[in-house]
Every structure is written in C-alpha cells, then in structure tokens.
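Okay, so here's the structure we're looking at.
What follows is calculated from the coordinates using simple rules that are stated; it is not laboratory data. Quick caveat, the model's predicted, so the values are computed rather than measured. Glycine also receives a Cβ, built like all others from the backbone with ideal geometry; neighbour counts cover every protein chain displayed.
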Amino acid sequence: MELIDGKKISEQIKEEIATEVNQIKAEGGKVPHLAAILIGHDGGSITYVNHKVADCQHVGFRSSLFHYEDDITEEFLLAKVEEINNDADIDGLIVQLPLPKHINSQKILEAINPQKDVDGFHPANVGRMAVGLPTFLPATPAGIIELIRRYNIETFAKHVVVVGRSNIVGSPVSILLAKNATPGNATVTLCHRYTENLKQYTLQADILIVAVGIPGLITEEMVKEGAVVIDVGTTRVKSDVTKSGFKLKGDVDFEAVAPKCSYITPVPGGVGPLTRMMLLKNTLKSAKKEVYQ
Ligand code: L34
C-alpha cells in the first residue's frame, strides 16, 4: 500500500507556480490576481478561503478577499460580481460555496464572466469541458487527475467507479476520466444515492473515487484487493483531541480499507491541497490568456 501524499505534491506544484510567477514578474508580465467572495461564518469555508488567499501570497499572486455577512441580498452579490467582472486587473473570481439559502447559487455562478470563472462552474465552461474544448477545469476533479498523473496510476481501459454525482466533483471527474486522454480512457460507472447495492459496483473498481460527504461510507468489504482509492470527503466532525475542536473525516473507513489498496489518499492531506493548487493554475492560465484570448 502506498499513500498518495497530496500535501507533498501540492508543495511541489506551489514551487513550480512560484517559479513561473517570478519569471513573469522579471519579464514585466501580468501578475495573476485572484478575487474570492466569502459569505457568512461556516468554519470550513473560512478555512478553505483563507488557505486559498495564503497560497496566492506564497506564489506571488495578488489576491482580493471580499467577506460579507450571510444576510446580504442576492442583488448586492450580483452587483459585486459585476464589479469584479469589470475590474481589468482581476483575472479570476471564485464565490465560495455553499451560499446562504436565500441566494440562488446557480444565478450567481452564471453571473461570473466565463473568462474569469477559475472554478470552472459556469455552464459555458462546463459545456466546454464536456466537449473537450480549452477551459478552466473544476479544481477538485483537476486535482484528482493531477494526483493520478504524478503517481503514474494507469487509467487506460481500467474500471473507474465514482460515488457521488455533484456538479463540483462526481459528474465532472466521471466525464474527464472517460475521455480519450491521458489520464483517461477509463470505463466509468457513476453511482449516487439511488444506486441499488452500491457494493456490487465499488467491488469492481480498479480506481474508486468517493465524493459524497458521508464519513465512513466505504468499508473494507466494499473494496477490491489492490484497488486505488481516492477519498474526496472532508466532513468536519467534533473532536476533543484536536485543539481546534474538530477534525476532518473522509468518506472511506481509512484504517480498514488502506491495507487492501495499492494506493489510497488520506484525509486530510489527500485531494484537498490539490484542489487549492488547481485553482492557482487556473488563475495563472487566465492571466496568461491561455483559455480565452
Ligand atoms: N466555489 N466552493 C467553490 N470552489 C471550490 O473549489 C470549493 N471547494 C469545496 C467547497 N466549496 C467550494 C473547495 O475549495 C471544497 N473545497 C476544499 C478546498 C480545500 C480543502 C478542502 C476542500 C483543503 O485544503 N483541505 C485540507 C485540509 C484543510 C483544513 O485544515 O481544514 C486537506 O488536507 O484535505
């Protein structure tokens, strides 16, 4: 069993990006600038966005954080998105999800200029991904693929089973790994809450990707000997052993499943750090006008 070290890979990528930014600065090019909108006080969202801003600082990007209370109106948020769309210095904009219930998330995502949509959530960019056009790939699926690539894990003609069909992870990763690409060319099965007898599918997986947010959903008897297991779950559960008072739990029962695997991602330190690096990569691509001219 080999642990997939997302933390280590993300540090490597961070240094690669920092080197490139130094070069851009030396040549007098456009310094990448990421804007993030954060609403409310969800502990997870605050942590992730703070990490994203710190990552920007580390690699030499500019960043702008707009933090609002959760009683702001949809109109206010739409106006802010529009203002950022029109700010020529800003290359990328993310609106951290989830949003408060009184705000229509889809409407906000569609208000973001696709050319600045470094989350890749705008329907125009989702469509471009689906047909294989240059686009901003959503960060978590791109991170999963980057881990597969850097660990030389074979996907060609393998059976990938994805559990969870969300717009942010399950759906896009299933599309990407079925494509005629490397990594890719897998046979993909997409399971979700209405899948009957989940185990009969997960047991067939050469590569099992789980993104549902149910701690411990995947148990030992659901995984084939020698499988690659990628755990995207990051549920915050209370803990009295950590000083923050909580800890992150994946969707996989790590202790029991790990001994059966050829490779497995830990939580934390697996996919999460890669998600942040892929956001930086998209912002860099935007500043360099590599997706849209
Ligand atoms: N708009 N909303 C938008 N874009 C995104 O790409 C996200 N996502 C998901 C939630 N909402 C979003 C994230 O950023 C999940 N997510 C995310 C980002 C980073 C990490 C986890 C989830 C992460 O860094 N995880 C670390 C531990 C962080 C900690 O200390 O709590 C890990 O090692 O898993």
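The range 34-87: percent of C-alpha pairs farther apart than 14 Å? Value for the range 34-87: 57 percent of Cα pairs lie more than 14 Å apart.
For the peptides 188-200, 237-249, 47-59, 270-282, the ranking by mean Cβ contacts within 10 Å, running from highest to lowest, is 270-282, 47-59, 188-200, 237-249. What net charge do the residues around Glu83 carry, taking every other residue with its C-beta under 14 Å from that of Glu83, with Lys and Arg at +1 and Asp and Glu at -1? Counting the neighbours of Glu83, the net charge comes to -2.
Maximal additional length on extending the Thr47-Thr242 stretch stands at 68.6 nm, based on 0.36 nm per residue less the C-alpha distance. Extension gain, Leu133-Arg193: 0.36 nm per intervening residue step, less the Cα-Cα distance, totals 18.6 nm. Shape class for the range 182-233, computed from the alpha carbon gyration tensor (a ≥ b ≥ c): rounded, with a/c under 1.5. A rounded overall shape is assigned to the range 30-149, the ratio a/c of its alpha-carbon gyration tensor axes (a ≥ b ≥ c) being less than 1.5.
Backbone amide hydrogens, once placed in the peptide plane, bring Cys191 within less than 5 Å of Val162, Val163, Gly164, excluding anything fewer than 5 places away on its chain. Taking the three principal axes of the alpha carbon atoms in the range 241-293, the coordinate ranges are 49, 33, 12 Å, sorted in descending order. Holding the Cα-Cα limit at 19 Å, pick out from Lys179/Lys260; Lys14/Lys247; Lys25/Lys289 the pairs that are longer than that. Beyond 19 Å between Cα atoms: Lys179/Lys260; Lys14/Lys247. When only alpha carbons are used to place a centre, the range 210-239 and the range 247-290 end up 13 Å from one another.
Taking amide H positions as modeled 1.01 Å from N, with prolines and chain starts lacking one, the residues under 5 Å from Ser239 and 5 or more places away or on another chain are Phe246, Lys247.
Here, the range 1-70 has an Rg and a Dmax of 14.9, 46 Å when only alpha carbons are counted. Springs join every pair of Cα atoms under 10 Å in this Gaussian network model of the chain, and among Ala186, Ala130, Ala227 the largest mean-square fluctuation is at Ala130. Taking only alpha carbon atoms, the chain gives an Rg to Rh ratio of 0.96, where Rh is the Kirkwood radius. Phi angles across the range 142-158 convert, under the Karplus curve 6.51 cos²θ - 1.76 cosθ + 1.60 with θ = phi - 60°, into 3J(HN,Hα) values of 4, x, 4, 5, 5, 5, 4, 5, 6, 9, 6, 7, 6, 10, 4, 6, 8 Hz, Gly and Pro given as x. Each residue of the range 249-263 is assigned a 3J(HN,Hα), and the resulting list reads 10, x, 7, 10, 6, 4, 4, 7, 7, 3, x, 8, 8, 7, 9 Hz, derived from the Karplus form 6.51 cos²θ - 1.76 cosθ + 1.60 (θ = phi - 60°), x at Gly and Pro. Estimated at 0.36 nm per residue, the fully extended path between Leu78 and Glu2 surpasses their Cα-Cα distance by 22.8 nm.
Here's how it looks for Gly40: its modeled amide H is under 5 Å from those of Tyr68, Glu69, Asp70, which are all 5 or more places away or on a different chain.
The sum of -39500 (n - 2.57) across all DSSP H runs of n ≥ 4, divided by the residue count of the chain, sets its helix-only mean residue ellipticity at 222 nm to -12000 deg cm²/dmol. Quick check: from the Cα gyration tensor, does the range 139-293 come out rounded (a/c under 1.5), prolate or oblate? Oblate.
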